[in-house]
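Asker: Got a structure for you, questions after.
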Amino acid sequence: EEGKSTISSITSSFNRNTTDYRPDPSRGGVLDVSWEFAGLGGTEKFSKYLFDYRHFWPAFWGTTFVTHGQIGYVHAYDGKEIPLDERFYLGGINTIRGFETREVGPRDPETGDFTGGNKETFFNFEYVFPIARDLGVKGVVFFDVGNTWDESEDWFEEWRYSTGAGIRWLSPLGPLRLEWGYNLDPKEYEDDSKFEFMVGRFF
């Protein structure tokens, strides 16, 4: 996008957390729902909706099954277009692992630029198991699926898949993640796999 623009928006959100331990849950769920409305002044006019839910089930020998899903939708009004920065881009350790960050979704065939979608859905499925309980070290195996779609595409028209494994440590500095994801159906411009490191929440 060229030129200057201004976004003036208001966001309403709802959160419900029923987990047993916020830094590293083993049971319960977290629900986040939000709606952002832009157009109270400024040059951009859009409405953006997000629904996010993750749930934790305790299993045998201190292991945990985790599921996470997110659905998002954004649309413009009054003849405006959706700003590029407000569109959805997936890929990376927090969405679909095994892909480069922000490189899952619509792509300009001429320039190769990723242009983002106005619709997105992704799911993560994890099995977390202890490696060194006293040190707070755990292992994880996972399966991710999702995609983003633009206005000309149908929702759920195509899915991208990955699987992989990683190590997590609840360190004194905070949660540390080292994860390797494998792209199950790479395109010609994509790598087969990717290692990623992050300091922050586990899921």
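Asker: State which residue is nearest to residue 163 (Cα to Cα) when the search covers only region 113-148 and only residues that are free of Cβ contacts under 8 Å to residues at least 40 places away in the same chain and open to solvent by less than 10 Å² (accessible area, probe 1.4 Å).
Answerer: Looking at the filtered set, the residue picked out is 140.
Asker: Scan region 1-27 residue by residue and report those that are touching a strand residue (DSSP E or B) at 6+ places or on another chain (Cβ under 8 Å), under 30 Å from residue 83 (Cβ atoms) and open to solvent by less than 90 Å² (accessible area, probe 1.4 Å).
Answerer: 5, 6, 7, 8, 9, 11, 12, 15
Asker: Does residue 190 fit the bill of being charged (D, E, K, R), farther than 19 Å from residue 69 by Cα and either under 17 Å from the mean Cα position of the chain (by Cα) or at pLDDT below 95 (or both)? Step through it out loud before you land on a result.
Answerer: Numbers: charged (D, E, K, R): yes; farther than 19 Å from residue 69 by Cα: yes; either under 17 Å from the mean Cα position of the chain (by Cα) or at pLDDT below 95 (or both): no.
Spelling it out, it is not the case that residue 190 is charged (D, E, K, R), farther than 19 Å from residue 69 by Cα and either under 17 Å from the mean Cα position of the chain (by Cα) or at pLDDT below 95 (or both).
Asker: Mind listing whichever residues of region 162-186 are closer than 15 Å to residue 92 by Cβ and open to solvent by 80 Å² or more (accessible area, probe 1.4 Å)? Let's see the steps before the verdict.
Answerer: Pass one, region 162-186, residues closer than 15 Å to residue 92 by Cβ: 162, 164, 166, 177-183.
Correct list: 178, 180, 182.
Asker: Quick test for you: out of 137, 104, 128, pick the one residue that is of a type in the set (Val, Ile, Thr) and under 19 Å from residue 53 (Cβ atoms). Lay out the reasoning, then the answer.
Answerer: Values: 137 fails: under 19 Å from residue 53 (Cβ atoms); 104 fails: under 19 Å from residue 53 (Cβ atoms).
Only one candidate qualifies: 128.
Asker: Still on this structure, please answer the following. Would you mind finding the one in 92, 69, 41 that is assigned to a strand (DSSP E or B), crowded, with 16+ Cβ neighbours inside 10 Å and touching a residue at least 24 places away in the same chain (Cβ under 8 Å)? Give the steps one after another, and end with the answer.
Answerer: Working: 92 fails: assigned to a strand (DSSP E or B); 41 fails: crowded, with 16+ Cβ neighbours inside 10 Å.
Going through 92, 69, 41 in turn, the sole match is 69.
Residues are listed down the side, and each one gets a yes or a no for (1) farther than 26 Å from residue 158 by Cβ; (2) modelled with pLDDT under 95; (3) among the charged types (D, E, K, R):
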site	(1), (2), (3)
38	yes, no, no
57	yes, no, no
61	yes, yes, no
73	no, no, no
76	no, no, no
99	no, no, no
111	no, yes, no
118	no, no, no
145	no, no, no
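Asker: Within region 187-196, can one find any residue that is over 22 Å from residue 84 (Cα atoms), among the hydrophobic types (A, V, I, L, M, F, W, C) and open to solvent by less than 70 Å² (accessible area, probe 1.4 Å)?
Answerer: Checking region 187-196: not a single residue is over 22 Å from residue 84 (Cα atoms), among the hydrophobic types (A, V, I, L, M, F, W, C) and open to solvent by less than 70 Å² (accessible area, probe 1.4 Å).
Asker: Just one of the numbered conditions (1) polar (S, T, N, Q); (2) under 19 Å from residue 120 (Cβ atoms); (3) over 18 Å from the mean Cα position of the chain (by Cα) is not true of residue 34; which one?
Answerer: So residue 34 meets the others, but not (3).
Asker: Could I ask something else about it? Restricting to region 47-62, name every residue that is more than 17 Å from residue 136 (Cα to Cα) and open to solvent by 60 Å² or more (accessible area, probe 1.4 Å).
Answerer: Residues of region 47-62 more than 17 Å from residue 136 (Cα to Cα): 47-57, 59-60.
Those that are more than 17 Å from residue 136 (Cα to Cα) and open to solvent by 60 Å² or more (accessible area, probe 1.4 Å): 49, 51, 53, 57, 60.
Asker: Moving on to the next point. Looking at region 72-89, which of the residues that are touching a residue at least 12 places away in the same chain (Cβ under 8 Å), within 26 Å of residue 197 (Cα to Cα) and of a type outside the set (Ser, Thr, Tyr) is surrounded by the fewest Cβ atoms within 10 Å (Cβ to Cβ)? Talk me through it step by step, then tell me what you get.
Answerer: Within region 72-89, the first condition is being touching a residue at least 12 places away in the same chain (Cβ under 8 Å), and the residues that meet it are 72-78, 80, 82-84, 86-89.
Pick out the ones that are also within 26 Å of residue 197 (Cα to Cα) and you get 72, 86-89.
Subsequent filtering for residues that are of a type outside the set (Ser, Thr, Tyr) retains 72, 86-88.
Numbers: 72: 20, 86: 17, 87: 23, 88: 28.
Only one residue tops the list, namely 86.
Asker: Please pick out the residue among 195, 122, 129 that is touching a Gly at 6+ places or on another chain (Cβ under 6 Å) and either among the hydroxyl-bearing types (Ser, Thr, Tyr) or under 14 Å from residue 91 (Cα atoms) (or both). Step through it out loud before you land on a result.
Answerer: Details: 195 fails: touching a Gly at 6+ places or on another chain (Cβ under 6 Å); 129 fails: either among the hydroxyl-bearing types (Ser, Thr, Tyr) or under 14 Å from residue 91 (Cα atoms) (or both).
The unique qualifying residue is 122.
Asker: Being aliphatic (A, V, I, L, M) and either in contact with a Gly (Cβ under 8 Å, 6 or more places away or on another chain) or more than 30 Å from residue 130 (Cα to Cα) (or both) is the requirement here; does residue 84 meet it? I'd like the intermediate steps shown before the answer.
Answerer: Numbers: aliphatic (A, V, I, L, M): yes; either in contact with a Gly (Cβ under 8 Å, 6 or more places away or on another chain) or more than 30 Å from residue 130 (Cα to Cα) (or both): yes.
In short, yes.
Asker: All but one of (1) over 24 Å from residue 144 (Cβ atoms); (2) part of a strand (DSSP E or B); (3) not hydrophobic (A, V, I, L, M, F, W, C) hold for residue 81, so report the exception by its number.
Answerer: (2)
The values are calculated or read from the model by the stated rules, or taken from the named source; none is laboratory data. These numbers were taken from a predicted model, which means no experiment stands behind them. A quick note on method: Cβ atoms are made from the backbone with ideal geometry, for glycine too, and the neighbour counts reach across all protein chains shown. SASA here: full protein model, heavy atoms, side chains in, ligands and nucleic acids out. Shrake-Rupley method; radii C 1.70, N 1.55, O 1.52, S 1.80 Å.
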